[in-house]
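Notes follow the structure.
Nothing in this text is a laboratory measurement; each read-out follows from the coordinates by a stated rule. Just so it is clear, the structure is predicted and the values come from calculations on it, not from any experiment. Because the Cβ atoms are built from the backbone with ideal geometry, glycine has one as well, and the counts that use them run over all protein chains shown.
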Amino acid sequence: MPSGSCKEDGGPALKPVQVKTRTSTPEEMRLDKWLWAARLFKTRSLAAESLELGRVQVNGQSAKPSKAVRVGDTLEIRQPGGGRTLVIQGLSPMRGPASVAQGLYQETPESQAKRQAWQDLMRSGAEPARHFVNGRPTKKDRRTLQDWQRWSASVEPS
């Protein structure tokens, strides 16, 4: 053993090294990472972009991607087809299967009712393609339409 490397020889004392261990459930985590882990966004960059555009609020305030969220925080997310209001039930450091991700949050009853109303409205609406009975117009149909448009535009009402 080289001299001066041990405390017994009068050398510097070795300091114990503290190793950081990752707990299974952290107390808080980044909002963009939580949105991704909860499968509300496909990628963290999409989650961060939504946050930058102000589409997500935490406890009624706009939030940045680095905002720390905790269990019990309320999120309001504006998405196409209506918004969602969620209460955070758990935190996960990694993205897991959908069944696990759904356990990370609980949607409020008001939010569920709004989403259901939106889905019912979309189902009851007319299908845009249904009025095309014969499909795409033929060349003859297009010529007829063009003739009709040309002659109807030149006639002035008296």
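Across segment 53-66, rounded Karplus estimates of 3J(HN,Hα) from the backbone phi angles (6.51 cos²θ - 1.76 cosθ + 1.60, θ = phi - 60°) give 7, x, 8, 10, 10, 10, 6, x, 10, 4, 10, 8, x, 8 Hz, Gly and Pro being marked x.
For Arg78 and Glu27 in the same chain, what is the full-extension length gain: residue separation times 0.36 nm, less their Cα-Cα distance, in nm?
Values: separation 51, 0.36 × 51 = 18.36 nm, distance 2.58 nm.
Stretched out fully, the Arg78 to Glu27 stretch lengthens by 15.8 nm.
Protection proxy ranking of 38-48, 70-80, by the mean of other Cβ atoms within 10 Å over each peptide's residues and highest first, is 38-48, 70-80.
Pairs Lys64/Lys114; Lys42/Lys64; Lys33/Lys64: which exceed 23 Å Cα-Cα? Where the Cα-Cα span goes over 23 Å, the pairs concerned are Lys64/Lys114.
Output the relative contact order of segment 24-119, whole-number percent, from Cα pairs under 8 angstrom with separation of 6+ residues.
29 percent
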